[in-house]
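Note sheet for the following structure.
The values are calculated or read from the model by the stated rules, or taken from the named source; none is laboratory data. As the structure is a prediction and not an experimental result, all values here were calculated from the model. Here the Cβ is made from the backbone with ideal geometry for all residues, glycine too, and neighbour counts use every protein chain on show.
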Amino acid sequence: LYYLLCVLTGGILYVLGRWFPKRRIAFVAAPTPLDSADWLVVTNEWGNYHVEPIIRQPYAGTFESVFPGCSLPNGCVPFHFDRLTYFEHRHNRFLFNPIERRYQHVNSWKPNQWSKTPKQTRAGLTSRSFQERFDLFGANTIEILEKSLVQLLMDEILHPFYVFQIASMALWFSDDYYYYATCIFIISVVSIIATYRETRKNEQRMCEMARFECPLSVFRGEAWVEVSSHQLVPGDVFEVSDPSLHQVPCDAILLEGDCIVNESMLTGESIPVSKTPAVGQTLRDLDMTCLNPGPEVARHTLFCGTRLIRVRTTTPGMGGRQWQTYHQVESAPRATALVIRTGFNTSKGSLIRSILFPRPNKFKFYQDAFRFVGVMAIIACLGFLASIANFVRLGLHAGIIIKRALDLITIVVPPALPATMSIGMTFALNRLRKQRIYCTSPPRINVSGKVDILCFDKTGTLTEDGLDVLGVQFVDRNQGQLVDLCSSVGSLNRPSAGTQQTAMGLLHAMATCHSLKVVDGDVIGDPIDIKMFEFTSWTIEEGGSLCESRPPSSRQFGFQDGIVPTVVRPPNIQRFSLDDLLARPGTHFELGVIRSFEFLPSLRRMSVIVKAMQSPSMQVFVKGAPEVMLQICRPETIPADFHATLNQYTQHGYRVIACAGKTLERKMNWLRVQKVKRDQLETNLDFLGFIVFENKLKPTTAGVIKTLGEANIRQVMCTGDNVLTAVSVARECGIVGEHQPVYSARCLEGSFADGPGIKLVWEDIERPDHILDPYSLEPLRISSGLGPNTAAVNQIPHALALTGEAVRWILDNSPRETLEQVLIKCQVFARMSPDEKQEMVEKLQEIDYCVGFCGDGANDCGALKAADVGLSLSEAEASVAAPFTSQSTDITCVLDLIREGRCALTTSFSCFKYMALYSMIQFVTVSLLYRFGASLGDFQFLFIDLFIIIPIAIFMGNSPPYHKLHTQAPAASLISQPVLSSLFGHIILVFGFQYLPMALVQNQPYYVEPDRDSIDDDHILVNCYENTVLFLVSNFQYIFTAVVFSIGPPYRRSSIHNYPFIATTVLLLVFSSVVLLLPREGYFWTSLFELVTTPSLSNSFTWTVWGIAVANCVVSWIAERYVLQRLSTVLVSFAQRVIKRVFGKSTQKRPKRFEELLGKARH
């Protein structure tokens, strides 16, 4: 029935069904149980409707193989499935669970074997298990189906904009406007082809980025077989050490061997990441519903799409020698991995989905634009009804009445209006590209013009990427204090009696406690680790794969056969053989790293187990945040000046890392070390000393922060560093004022982990006697004689500096009012984990901030995506981590982006207002002519739209941004007092300056009234005095309106510098003046525009009309700059007072939530 009605209505019902899917679904569908439905309606969080067909296919597995985590009802035995029922939505597969009678996402699939018997995972899959899982998950492909030409054309043509254009062109062709309709048709076709080519190009680019296939070895059916990566399924075990494998084809858990990978495609950070074999607990802790696992799981996970830098086969997995039985015919082991996700379920697939289906942009400007078009459509309908009544009065033919009335609708709602809104973004996009700032989401350019607050990461963003080691301080056990700062390694090599143990321990910790790797002779890893290791001047060597030529000296460490550690040696000690060692005992020394525990953000430390050559025992070295080390070191080893020294460094902006260590019992051999738990090692340590890093600001940081402050854009630091170091850097760069009090939250007893029962105290980090009220966060009291009085302190706005754990406690336990005060006053967020950074951004958005985030590392990915405007400082041309990527590591790109955003937003406003007023100018012209049964001619419409409006609208957007950031951001609402007052004011002026010359010409002695009898009933009258005068005057109005609406400072440079716009405007003004002032007898434009020539308009009258046009420009310019805004403000204020007096309520617009909070804080 639906399709029959679509045919009977000529496709109108089909088009309406595409525009209003909810209504179409209600018309064609009836609710039915899930298990018997033919298709489903999927509604996402943004209210979009999608119809997805239900697929049913045969299946030969058990219920448990499909839903391993689902428990069967009592008395129900495991049963076989005869078919799978599922649907796919946006490349996500959902399976129907007949027990729970609901659809479940396949990404939650996790077999019980992985948790119960993880060692058995190395056995791989049988042929039957592979087929079951292939049916369940499909091929391991991220295949983006390119739309056909017909589909793309249908999507484009059936858009409301083009449907309106098609209807308009049909009307124009039927009315013999052949030239105009043909030109618009050509422009539309060119636009559709350009859009099609761009869409196709983007699809091909996405397909190239997503598509990947390679041959690899899979352990299946108790044998190694060569298969395509497309045939991988969860549970497969494949070889990672294959020399031809350079990219990870799926998400996998590393079982054997170790890898170094580049995850820059996922994180935007090119620092190599080390991966180690998983343990049984890794598979138990694996949460399949979480694509971003915690660090405990991530360090064993190979993510799809990441590049393999180095793979070694020396590191055994949790199966140890038991797994060697799988290599019955191989002479050498393999590095292997367990497939856990395939296709679009992988991390790469998720990122591709986020690009294919981005979050809808709910920027107010775009929402208001469609509302404004709706208002204009209402005006068009009113004009439609009025014109019908007028034509009936004139006794015109019914056909021409309908055509002319419909034509009025195409005038009021110009077809080119939506396209002009993107002009400013297009020019801004090109300018940003020249500044090496790349954008993956062009609509965000306008959003960047409304940023209220900018959050910055510290290291690598505000400060230099690499930290230089200022020096080290180790403990003097005899004195119980730290020695003076040692700026070179030589001091560590010449310790005194009381410092020998701590000095050498600190040196050994610096040489071994890191995650550095050697690839092709180059040391790679975290820049801080590299600087620390370079300070020691030691050398590093990593063991190779199993081979007979492995260094004999490794036997001295007492390792298992085939286990070669990372070895570090002091300067001038070369690699040596066992014979050398026996010949010259005591002359060689090296340290072997037996086991390492990676740095975890949650613990804020890393540790290693080290064995010195020929030493009977092993040592543990730990490095991390100083406050963390206090908790795991023996109190008697902490020097008396620990806190004083730490505060001295952190308050001056230095980054401090503490080191500790201890010697293990001799009975701890290699096998026991591999089984020992981390928390058993990282306790009862001996404190060794501090490593002090110099964290220099980038040269332009302070200037950029100052500029943002002058523009009233709030700046916030969000870092993982120590709170005192962060505050010091914030003071240095200007985020916190030089003399501004900074308060931080501290637990009086216990820690933040103890929950809501703890008591918080807010104290000045420099003057602890200055505290805040725990609820209002305002200064409470000051001890007498220690500072100025309370009133004086209140005159200085104070700031807050909080750690991640303090923020978490406030989010969970404090009233909303306190949380909001924290969000508007906290300038420094320190010790923040990646998830806490993202949550902080979301909380700022909840109080109506338009949040920008600028960062450079993997820790910032979540925050960059969550922010309204995310800017990643990366060498990549485009990053999936953020909508904007700058190849420059200088944060001046933030200013460039905001300037371009404000310029683009202002340009969009100008172009929108211009197109709206252009339509109203033409609406007034045609409405005045309709009184006489006349209208504009075909070539008159063509000249106005093609040669005046389109060039001017394009070149209006070419103005570059103003060099200085204004203190206020441009308006983002089209439905606002300034915009509406401007448009309505200019409409009145347009009507007045069109009616005046028309009235003047009607009073001329040679005036002849329009003669409708001179043309047939199927055509409209064109050649008349009213038409000629209104056409010539309106031409000037179109041009002068562009000049009036072409906004310059404070958001764009003056139009004088927009040379294409100036040239176009001058050329059109000259041509329009020539057409008006020069005698028209014999000139081509006379017949082309069907202008009145006999009797000729007098020379004095044409100059009068020209003067009226110039006066229109002057009056419009003065009204726009000085009159309309002030007049509307007075009228609105008067109306508000009247409404409040009559109805007793205010109609003022509610300010943003953060503005309300700031206003209360000031009072």
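For segment 353-439, which fully contained helices (runs of 4 or more DSSP H) count at least 2 residues that are modelled with pLDDT under 80?
Here the list reads 364-394, 398-412, 417-420.
Any chance you could count how many residues in segment 490-526 are in a helix (DSSP H, G or I) and exposed (fewer than 15 other Cβ atoms within 10 Å of the Cβ)?
Looking only at that region, the number is 2.
Looking at S973, is it at pLDDT 90 or above and outside any helix (DSSP H, G or I)?
No, not satisfied.
D938 versus (1) surrounded by 15 or more Cβ atoms within 10 Å (Cβ to Cβ); (2) without any contact (Cβ under 8 Å) to a residue 12 or more places away in the chain: which is the lone unmet condition?
(2)
Restricting segment 729-750 to residues that are farther than 22 Å from V894 by Cα, touching a residue at least 12 places away in the same chain (Cβ under 8 Å) and not aliphatic (A, V, I, L, M), which is surrounded by the fewest Cβ atoms within 10 Å (Cβ to Cβ)? First the steps, then the outcome.
Start the filter on segment 729-750 by keeping residues that are farther than 22 Å from V894 by Cα, which leaves 738-750.
So of that shortlist, the ones also touching a residue at least 12 places away in the same chain (Cβ under 8 Å) come out as 739-748.
Next, from what is left, pick out any that are not aliphatic (A, V, I, L, M): 739-741, 743-744, 746-747.
On the way: H739: 7, Q740: 14, P741: 20, Y743: 24, S744: 23, R746: 16, C747: 16.
Here the residue is H739.
Can you name every residue in segment 99-141 that is under 18 Å from E64 (Cβ atoms), small (G, A, S) and either surrounded by 19 or more Cβ atoms within 10 Å (Cβ to Cβ) or touching a Gly at 6+ places or on another chain (Cβ under 8 Å) (or both)?
Scanning segment 99-141 gives S108, S129.
It is to be established whether one or more residues within segment 675-695 are over 41 Å from the mean Cα position of the chain (by Cα), free of Cβ contacts under 8 Å to residues at least 60 places away in the same chain, surrounded by 19 or more Cβ atoms within 10 Å (Cβ to Cβ) and in the same structural domain as M532 (by TED's automatic domain parsing).
No, there is no match, as no residue in segment 675-695 is over 41 Å from the mean Cα position of the chain (by Cα), free of Cβ contacts under 8 Å to residues at least 60 places away in the same chain, surrounded by 19 or more Cβ atoms within 10 Å (Cβ to Cβ) and in the same structural domain as M532 (by TED's automatic domain parsing).
Output the residues belonging to segment 714-736 that are modelled with pLDDT of 90 or more and in a loop (DSSP other than H, G, I, E, B).
Those that are modelled with pLDDT of 90 or more and in a loop (DSSP other than H, G, I, E, B): G734, I735, V736.
A quick yes/no check of all residues on (1) within 30 Å of F853 (Cβ to Cβ); (2) touching a residue at least 40 places away in the same chain (Cβ under 8 Å); (3) of a type outside the set (A, V, I, L, M, F, W, C):
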| position | (1), (2), (3) |
| --- | --- |
| K458 | yes, yes, yes |
| T461 | yes, yes, yes |
| L467 | yes, yes, no |
| G471 | no, yes, yes |
| F474 | no, yes, no |
| L485 | no, yes, no |
| S491 | no, no, yes |
| P495 | no, no, yes |
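Look at N44 and say whether it is free of Cβ contacts under 8 Å to residues at least 24 places away in the same chain and loosely packed, with under 13 Cβ neighbours inside 10 Å.
So N44 passes the test.
Confirm whether K662 is of a type in the set (D, E, K, R), surrounded by 14 or more Cβ atoms within 10 Å (Cβ to Cβ), outside any helix (DSSP H, G or I) and assigned by TED's automatic domain parsing to the domain that holds F599.
Yes; evaluated as a whole, the condition is true for this residue.
For the condition farther than 21 Å from P443 by Cβ, modelled with pLDDT under 85, within 22 Å of the chain's Cα centre (by Cα) and not aromatic (F, W, Y), what is the one hit in N789, N859?
Details: N789 fails: within 22 Å of the chain's Cα centre (by Cα).
None of the others qualify; the one that does is N859.
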